[in-house]
Amino acid sequence: MQTPGERPGFPRIRGPFALSLKEATMNDHRKLGRELQLFDTDPLIGSGLPYLLPAGAAVRKAIEDYVHELERRHGYQHVNSPVLGKRELYERSGHWAHYSDDMFPPMEVGGEQFVLRPSLCPHHVLIYRSRQRSHRELPLRVAELGGMYRCELSGVLGGLTRVRAIHLNDGHVFCAPEQAAEEVSRSLDLIEAAHAQLGIRARRYRLSLRGDGGKYVDDPQMWARSEQILREVLEARGQEYDEEKGESAFYGPKIDIQIADAAERETSISTVQVDLYMPGRFELSYIGPDQQPRRPVMVHRSVVGGMERLLSHLIEVHAGAFPAWLAPVQAVVLPVSDTEAEAGQALVRRCVEAGLRAELAHPDRGSLGARVRQHRLVPYQLVIGPREAASHEAAVRLRDGGQVGAVPIEHLVNQLAGWCSPVLA
Ligand SMILES: [Zn+2]
């Protein structure tokens, strides 16, 4: 089986050889995240507001770059929008009436009220509405990695799974009603491609339906139509799913791809939603082939969810031994003695210039064996002894103990760059 993130024909790297299975299944991302210096918190910043350390930020940047490129190849246009909006915006979107319990209270500035946004949807709606749209522009796919805020009570916060500041991989497709099913299906394709690269295994697909009570928009016909679209897509794909009431968005039903953490608790990161509500609230339109205005459908989707929850899951799933393209340090250079230190430093420089995350484990940091153990989670360990230094080579060792052998420096950097790239579907 090919390990996610690796290309066929290249050296295979298995998981965390240094961690026993028992240790791996007991991994709590909060413990491991601090041990591996991925993230931390500070009471002065506040609970539910973790920060990423350089290693965690490197993993997040790799994910962001991958998802951005995946979306670009699938026809998305990326935008940037502010994390604040006027209270009226959320009254219009329906968040104020249906979702205000989860929103931070408004800030009063110059006689106006501003809210930290609870979702990116309203901003993207306004971007769609910024000019008249034609049927020729549809489906219009808009994506953004943007901040959103949730007023969680401090009692339920911990680590990266329940946070007050979320950096969401979000996207909205504005399309004609007859295109909606196809766009939902394409969104599921994107999600499945990303999961394969990240090494995420879905536990189940959940069709999340509305529950009772005033949290949901009251329009039974609208709900029936949007649920119908999602059911048709799931059935056409031959995808098994469970239905669950009370788990939908306030404006429409969702397909949630459920995953489980180390303690078997289920959570969702990836989602696709059909929304027939917000386009009406904002009076969105496009000009049809007959020159008449029509109302688009909105498909909300997140390929990998919020960066925080995704990171927590990846830390646990990989027990810190991330796929090579995600690893905070992808290659460590190990000169055997001081004599090879200079050659080692030069190799690190070449790796860094080629876009790799590489570092030197200097001989003054201990014996070769001790340094290999210190870097046991680094996918590629490049050893330079007297023989390799003389022949301008490095001996490549994989983190699972596998040996590639001596590779000329000339070829090594290019090869490493290939081994450390995600496969874009
Ligand atoms: Zn949305």
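The values are calculated or read from the model by the stated rules, or taken from the named source; none is laboratory data. Computed from a predicted model, the values in this text were never measured in an experiment. Positions of Cβ are generated from backbone atoms using ideal geometry, with glycine treated the same way; all protein chains shown enter the neighbour counts.
Within region 121-141, residues that are farther than 20 Å from S93 by Cα reach partners that are of a type in the set (D, E, K, R) with beta carbons closer than 6 Å, at six or more positions or on different chains, in the pairs P139/E183. The single condition among (1) modelled with pLDDT of 95 or more; (2) in contact with a strand residue (DSSP E or B) (Cβ under 6 Å, 6 or more places away or on another chain) that V413 does not meet is (2).
Annotation note: of T267, T271, the sole residue that is within 16 Å of the ligand (Cβ to nearest atom) and either under 23 Å from the mean Cα position of the chain (by Cα) or assigned to a strand (DSSP E or B) (or both) is T271.
Checking I255, I259 one by one, the residue that is within 16 Å of the ligand (Cβ to nearest atom) and either in a strand (DSSP E or B) or of a type in the set (F, W, Y) (or both) is I255 and no other. If a residue must be surrounded by fewer than 18 Cβ atoms within 10 Å (Cβ to Cβ), under 19 Å from the mean Cα position of the chain (by Cα) and of a type in the set (D, E, K, R), how many such residues does region 65-101 contain? Total satisfying the criteria: 4. Any residue that is within 16 Å of the ligand (Cβ to nearest atom) and either of a type in the set (F, W, Y) or surrounded by 21 or more Cβ atoms within 10 Å (Cβ to Cβ) (or both) - is there at least one of those in region 305-324? The answer is yes; a qualifying residue exists. Filtering region 148-164 to residues that are assigned to a strand (DSSP E or B), within 16 Å of the ligand (Cβ to nearest atom) and either under 17 Å from D256 (Cβ atoms) or not hydroxyl-bearing (S, T, Y) (or both) leaves only M148. So, in region 165-192, of the ones that are of a type in the set (D, E, K, R) and buried (at least 19 other Cβ atoms within 10 Å of the Cβ), which residue ends up farthest from the ligand (Cβ to nearest atom)? That would be R186. Out of R301, R294, one residue alone is modelled with pLDDT of 95 or more, away from the ligand (no atom under 15 Å from the Cβ) and closer than 23 Å to H172 by Cβ. It is R294. Against the conditions (1) touching a Cys at 6+ places or on another chain (Cβ under 9 Å); (2) surrounded by fewer than 15 Cβ atoms within 10 Å (Cβ to Cβ), R136 satisfies every one except (1).
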